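Each remark here refers to the structure printed beneath this line.
Since every read-out is calculated from the coordinates, none of them should be taken as a lab result. As the structure is a computational prediction, the values presented were derived from the model and not from experiment. In this analysis, Cβ positions are derived from the backbone assuming ideal geometry, glycine residues included, and neighbour counts consider all displayed protein chains.
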Amino acid sequence: MIEAIKKRRSIRTFQAKEVEEEKLKEILKAAMFAPTAKHCRSWEFVVIRNKGTIKKLSQTKPSSEFIENASLVLALAADETLDPLWIEDLAIAAAHIYLEATNQGLGTCYIQVRGRFTSKGKDAEEFVQGIIKAPKNIRILCLMPLGYPAEEKPEHQEEEFNPQKIHQETW
Ligand SMILES: Cc1cc2nc3c(=O)[nH]c(=O)nc-3n(C[C@H](O)[C@H](O)[C@H](O)COP(=O)(O)O)c2cc1C
């Protein structure tokens with residue numbers, strides 16, 4: 001198995017060390033190697049390094065507060081007018097980001113934005129759109145903080161997986 005697939009975990013605590021541009025470039029490249037519906041590459045990636053903006057984004061919802069300490073945050077966005085499958089396009093790109101971040105010795109975590117709400121009950125997607133000044137046709141699926149991990153998490157083990165999830169030929 002690909003090593004990064006085995007090692008990958010969601011990382012929510014980060015060192016103060018900044019992520020190098022070269023590593024970020026590789027991660028964004030990996031995202032854009034992902035397949036997309038009709039090959040339309042509906043995705044857009046917003047890189048946020050400004051600490052004030054990251055602090056604002058950390059208020060997107062209660063479980064996003066930890067991103068305040070990330071070196072940078074990626075907003076995974078898409079032009080919804082290009083293809084209705086923009087969600088799938090972005091979800092696969094997110095998986096590539098998880099894996100290449102792991103490969104680069106960095107940590108990340110998928111933070112759902114679409115369909116979620118801030119602690120004050122505001123639509124989380126509108127909240128993020130406002131902060132990053134996204135045009136109306138640009139949808140936001142999730143945020144992914146990036147940084148050097150300040151926590152160690154064990155690899156998942158095969159024994160955790162339920163073999164009954166795999167069906168042969170029919171249900
Ligand atoms: C669609 C999706 C939404 C998620 N949303 C959040 C989130 O909003 N906040 C968060 O801290 N983690 C979120 N996660 C990360 C999961 O909690 C995490 O993947 C899961 O607990 C398994 O842990 P692991 O990634 O370390 O294997 C999300 C993951 C996925 C795939």
Next on the checklist: Only counting other Cβ atoms within 10 Å, I'd like 109, 40 sorted with the fewest neighbours first.
Outcome noted: 40, 109
Item to check | region 16-53-region 96-113 distance, computed between alpha-carbon centres (Å) | outcome: 10 Å
Checklist entry - Taking Cα atoms of the chain, Rg/Rh with Kirkwood Rh, to two decimals? => result 0.98
Checklist outcome for this item: Ranking 57, 35, 87 by how far each Cα lies towards the positive end of the charge dipole of region 20-90 (+1 on Lys and Arg Cβ, -1 on Asp and Glu Cβ), the top one is 57
Next on the checklist: Within a 10 angstrom radius of the beta carbon, how do 86, 43, 171 rank from fewest other beta carbons to most?
Outcome noted: 171, 43, 86
Checklist outcome for this item: Too long for a 19 Å Cα-Cα cut-off, among 25/55; 61/120; 51/120, are 25/55; 51/120
Checklist outcome for this item: By Cβ neighbour count within 10 Å, fewest first, 111, 87 rank 87, 111
Checklist outcome for this item: Calc'd 3J(HN,Hα), region 57-66, phi into Karplus 6.51 cos²θ - 1.76 cosθ + 1.60 (θ = phi - 60°), Hz, glycine/Pro = x, comes to 5, 5, 8, 4, 7, x, 8, 10, 4, 5
Checklist entry - What residue among 45, 14, 161 shows peak mean-square fluctuation when the chain is described by a Gaussian network model with Cα springs under 10 Å? => result 161
Checklist outcome for this item: Taking 0.36 nm per residue of separation between residue 114 and residue 150 and subtracting their Cα-Cα distance, the length gained on full extension comes to 10.2 nm
Checklist outcome for this item: Summing -39500 (n - 2.57) over every DSSP H run of at least 4 residues in the chain and dividing by its residue count gives a helix-only mean residue ellipticity at 222 nm, to the nearest 500 deg cm²/dmol, of -9000 deg cm²/dmol
Item to check | Karplus-derived HN-Hα couplings along region 90-97 (A = 6.51, B = -1.76, C = 1.60, θ = phi - 60°), whole Hz, x at Gly and Pro | outcome: 6, 5, 5, 4, 4, 5, 4, 4
Checklist entry - Which semi-axes, in whole Å and largest first, does the equivalent ellipsoid of region 51-147 have when worked out from the alpha carbon gyration tensor as the square roots of 5 times its eigenvalues? => result 20, 18, 11
Checklist entry - Can you pull out the GluC sites (Glu not before Pro) in region 111-171 that DSSP calls coil and that have at most 15 other Cβ atoms within 10 Å? => result 151, 152, 155, 169
Checklist entry - What percent of all Cα-Cα pairs in region 52-100 falls in each 10 Å bin, counting up from 0? => result 23, 39, 35, 4
Checklist entry - Based on the Cα coordinates of region 89-137, what is the per residue volume of their convex hull in Å³? => result 103 Å³
